[in-house]
Amino acid sequence: LQQRYIPGTILDIDWIEGVDIDDNTVESQTWSNLSVGYRRPLATGGEWEASLMINNLFDADPPVIASYGDRGGAQTVDSRYDVFGRRYSLSFNYNF
């Protein structure tokens with residue numbers, strides 16, 4: 001089990017909250033990844049392994065960040081956060 005955390009922060013230190021922007025903060029985010037696996041040796045000297053990984057186990061949404069674009073106000077999602085949501089990967093390896 002892996003826990004990831006990005007603390008909350010100020011969006012822009014030059015902006016004054018209530019004057020330039022209503023909310024000048026970006027909220028924190030926490031998400032969890034889970035990996036389970038099983039490895040078994042073979043009588044021939046090789047081994048096999050199966051594993052399942054679930055990224056963003058609880059499907060936490062990234063914080064939406066206020067921004068400004070060519071047409072006025074906009075919203076963005078920073079790539080430091082998990083923008084893909086929950087995803088699964090299954091692997092099977094055989095060594096001989």
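The values are calculated or read from the model by the stated rules, or taken from the named source; none is laboratory data. Everything numeric in this text was worked out from a predicted model, so none of it was measured. Please note: Cβ atoms are built from the backbone with ideal geometry, for glycine as well, and neighbour counts cover all protein chains shown. Heavy atoms of the whole protein, side chains included, go into the accessibility calculation; ligands, DNA and RNA do not. Shrake-Rupley method; radii C 1.70, N 1.55, O 1.52, S 1.80 Å.
Below, the figures for the structure above:
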| read-out | value |
| --- | --- |
| N33 vs. criteria assigned to a strand (DSSP E or B), open to solvent by 70 Å² or more (accessible area, probe 1.4 Å), among the polar types (S, T, N, Q) and modelled with pLDDT of 85 or more | no |
| Filtered residue count, the range 1-21, keeping only those that are outside any strand (DSSP E or B) and in contact with a strand residue (DSSP E or B) (Cβ under 8 Å, 6 or more places away or on another chain) | 5 |
| Where D23 falls short, out of the listed (1) surrounded by fewer than 10 Cβ atoms within 10 Å (Cβ to Cβ); (2) within 26 Å of Y81 (Cα to Cα) | (1) |
| Checklist (1) without any contact (Cβ under 8 Å) to a residue 60 or more places away in the chain; (2) more than 30 Å from F96 (Cα to Cα) applied to L1, failing item | (2) |
| Top-ranked residue in the range 39-96 [being touching a Gly at 6+ places or on another chain (Cβ under 8 Å) and aromatic (F, W, Y); ranked as most open to solvent (accessible area, probe 1.4 Å)] | F96 |
| Pair list, Cβ under 6 Å, 6 or more apart: the range 59-78 residue touching a residue at least 12 places away in the same chain (Cβ under 8 Å), other residue open to solvent by 90 Å² or more (accessible area, probe 1.4 Å) and of a type outside the set (K, R) | P63/E27; V64/Q75 |
